[in-house]
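Throughout, read-outs are computed from the coordinates displayed, never taken from laboratory work. Remember, predicted model here, so these are calculated numbers, not experimental data. Cβ placement follows ideal geometry from the backbone for every residue including glycine, while neighbour counts extend to all protein chains displayed.
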Amino acid sequence: MPHDEIRESAPVLTFPRQAFVSLLVFAIVWETLSHLAPYLGIPPFAIPSFVRIAQSLADITPIDIAVTLARVIAALIASFVLGVSLAMAMYRSDSLDKYLHPMIRILMAVPVVSWILFAVLWFPGVEFRICFVLVVVCGPVFLVDTLDAMRGVPRELRTMMQSFRPTTPQYFVKLMLPAIVPTIFTSWKVNISLAIRVVTIAELVGAVTGIGHQLSVAQELFSVADVFAWTLVLVTLLFLLEAVVARVETRMLRWRT
Amino acid sequence: MILQARKGGPPPIEVRGLRKVFRQATSGQAVVAIDRLDLTIAPREVVAIVGQTGCGKSTFFDLMIGLEAPSEGTLRIGDKSPHANFDHFRGRIATVFQQDRLLPWRSALDNAKLPLELIGLPEAEQRERALTWLKRLGLGQFTNAYPHELSGGMRQRVAIARAFSVQPDILLADEAFGHLDEVTAAELRETFLALARECGSTAILITHQLEEAIGVGDRIVVFGKSAKLLADIHVARWPKSKHALLREAIQSTLQSNKPDPRLRRAKKTRAAPSARRAATGR
C-alpha cells in the first residue's frame, strides 16, 4: 500500500506551573493579610490564618459531605435520565418539540432563587425540595445539550446509517447515542459545577444536614474559617467529581486520541 | 464460504416513468429533479451513471436507496419498491459514498461489521465476515485502527468492506473514488469491480469521471437535465481502441444535452458480450 500511512498522535503531559504559582501567590497574600488585619482595621475573624482554617477543616463532619454528595449524584442521575429521554422524544416528534421547546426556554430563564422559593412553598419534605430544585435546574441543560447534539449529527452519517436500514432502536443505539457521547460528557461537567452550587443554596433553606446547612451555621457563628473550610470541601468535591467524569470520558472516548 | 456468489442472483431493476419533484423551502417553487425516466438494469450488470452536476444523479441514488419516494412512476427491484418495502432490502442493498462516512468511534473492524449487526447475524459470524473483507481489501493489519488513524484510501477501503460484508444484491456507489488520488482511485476501482463480479451483485456507480465510467461500467447511462436519458451505452460494443472516441462522444452529449450521433451509430453493431453476460446472469 504505497499511498497509505497510519497517522499517529502522542499525548503531552506538563506540570501546571502557572496554576501552582498563582495559588501560591494567593495563599501568601491571604496569610500576610490575616496577620496584618488588626493593623489595617479589619476584624480578626474576617481573614483567618491558615492554621485557624486547618482547625476548621479538622472539624469537618464527613456525614454532611456524604449527604450533599448523595443529593447531587441522585439529582444529576434523575436529571440526566429525564433530560435525555425527553430530548430523544423531542428529536423523534416535531410536534412534541414545538410544544415543549418554549416551556424549556422559560424553565431555563427562571432564577435558581425563584425555584428554591417555589420549592419551599410547594413541598414540605426537605429532600424532595432539594431534588426538585436540582432537577429543574440541571434537567433542561441535559435536555437542550442532548437535543442539540442529536441535531448536530452530520447528515452524511445519518444518511449512511439509514441506507443500511436500521430499526429505530438500532438507529439510536448504534448512531445517535455514540455520536452524542462527547456532548453528554461536556453536559455532565457543566451540570456537576451547577449542581454543587445549587445544592448549597437549596440546603441553606430548611435542611438540617449537608454542606449548605453547615455553611449556614458558620454564617450564624460569624466563622469565616468554617466558611472557608466548607468552601474548600465543596471545591475539592467539584474537582473530584469532574476528575471522575474526565476519567470515564477518557476511557469512553479513547477513539479521539 | 463467505465470498461465494449469491444463489439465484439479484433481481432486475425496473424504472418506469420515474419522476421526482422537490419543492424549494424558500420560494415554494417546484423543481423537477427527475422527469419520466425509463431504465432497466439486468441482474449482475455494472452500470455507470454519468451526468453534469445537478442533473438528478444523486436524487436517483437516494430513490434507489429508498430514502426518497418517487413523486410519480415506479422504481422496482424485483417486484418490490426500495421505499415502500424499505425493510425488505435490509442487507440486500449496500452503499459506498463519496466520503467514507465511517463512524469515528468504531474501529475498522467494527465499522465493517455494522451492516451485519443490523441484520442480526451471530457475533462470531459478523467478526469472521468483516475480517475476511478487510483482509481482502488489504487491511488485515489495521482492523483495530480507528478511522482517524487511517489514510483516505484506507478509510474508503473500510467503507467498501462494509458495503460488501452483507454480500448485497445491489451495490450503489456515489462518486466513491472521485476524491482519491488517481493511483489509489484506479486501484480501488479495480478491486471494487472484481469483488462486485465475485459477489454476483448488480452495481450502480454514479460518477462524473468519464474515464472511471468507461473503465468500470458494462453500461454507461448518460443523464441530461432532470435525468433525461441521453444515451445508454454498452461499453463492450466499443473496442478499447475507440475508447477515446467514446469519451469524446459522451463529453459532447453532456455539453450539448442531446445525444451525440456517434453514440447512435454504435448501437447498430453486434450484441455486446457484457449485455449477453448480464442477460444470462453470468
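General observations
- Sites matching chymotrypsin sites (Phe, Trp or Tyr not before Pro) across the range A:200-257 that sit in DSSP coil, with at most 12 neighbouring C-beta atoms within 10 Å: A:PHE222
- The range A:12-61 versus the range A:221-237: alpha-carbon centroid distance in Å: 12
- Cα gyration tensor, the protein assembly as shown - rounded (a/c under 1.5), prolate or oblate: prolate
- Considering only alpha-carbon pairs that sit under 8 angstrom and 6 or more positions apart, the relative contact order computed for chain A is 25 percent.
- Based on Cα contacts under 8 Å between residues 6+ apart, chain B shows a relative contact order of 25 percent.
- GNM top mover of A:MET90, A:MET103, A:MET160 - chain A, alpha-carbon springs below 10 Å: A:MET160
- Listed residues A:VAL141, A:VAL227, A:VAL29, most fluctuating in chain A (Gaussian network, C-alpha, under 10 Å): A:VAL29
- In chain A, the DSSP-assigned H stretches of four residues or longer account for a calculated mean residue ellipticity at 222 nm of -26000 deg cm²/dmol, using -39500 (n - 2.57) per stretch and the full residue count as denominator.
- By the count of other C-beta atoms within 10 Å, a proxy for reagent exposure, B:ASP35, B:ASP181 are ordered fewest to most as B:ASP181, B:ASP35.
- Chain B: calculated mean residue ellipticity at 222 nm from DSSP helix runs of at least 4, using -39500 (n - 2.57): -11000 deg cm²/dmol
- 3J(HN,Hα) couplings calculated from phi for the range A:43-55 with the Karplus curve 6.51 cos²θ - 1.76 cosθ + 1.60 (θ = phi - 60°) are, in sequence order, x, x, 6, 5, 10, x, 6, 5, 5, 5, 5, 4, 4 Hz; Gly and Pro show x.
- Residues whose amide H falls under 5 Å from that of B:VAL46, counting only those 5 or more places apart or on a different chain, are B:ALA203, B:ASP218, B:ARG219, with hydrogens built in the peptide plane.
- Reducing the range B:52-69 and the range A:137-179 to their Cα centroids gives an inter-centroid distance of 24 Å.
- Net +/- balance of residues flanking B:ASP62 in space, Cβ distance below 15 Å, scoring K and R +1, D and E -1: +3
- Exceeding the 20 Å Cα-Cα cut-off - candidates B:LYS20/B:LYS57; B:LYS80/B:LYS225; A:LYS174/B:LYS135; B:LYS20/B:LYS228: B:LYS80/B:LYS225; A:LYS174/B:LYS135
- For chain B, the membrane-span-like helix rule (DSSP H, alpha carbon extent of at least 24 Å along the helix axis, mean Kyte-Doolittle at least -1.0) picks out B:182-199; this says nothing about an actual membrane.
- For chain B: rounded, prolate or oblate by the Cα gyration tensor [a/c cutoff 1.5]: prolate
- Formal net charge of residues neighbouring A:ALA243 (Cβ-Cβ distance under 12 Å; K, R +1; D, E -1): 0
- Between helix A:62-92 and chain A: long-axis angle, C-alpha atoms, 0 to 90°, nearest 10: 30
- Taking the C-alpha atoms only, the angle from helix A:112-122 to the longest principal axis of chain A is near 90 degrees.
- Over all other residues within a Cβ to Cβ distance under 13 Å of A:VAL67, the charged ones net out to -2, with Lys and Arg as +1 and Asp and Glu as -1.
- Distance between the range B:103-138 and the range B:175-229 - C-alpha centres, whole angstrom: 24
- Of B:ALA84, B:ALA227, B:ALA130, the one that fluctuates the most in a GNM where chain B has Cα springs shorter than 10 Å: B:ALA84
- In degrees, nearest ten, helix A:224-252 long axis to first principal axis of chain A (Cα): 20
- Taking a ≥ b ≥ c as the square roots of the eigenvalues of the Cα gyration tensor, an a/c ratio of 1.5 or more together with a/b no larger than b/c marks the range B:83-183 as oblate.
- Karplus-derived 3J(HN,Hα) values for the range A:15-23, using 6.51 cos²θ - 1.76 cosθ + 1.60 with θ = phi - 60°, are 6, x, 4, 4, 5, 4, 5, 5, 5 Hz; glycine and proline are entered as x.
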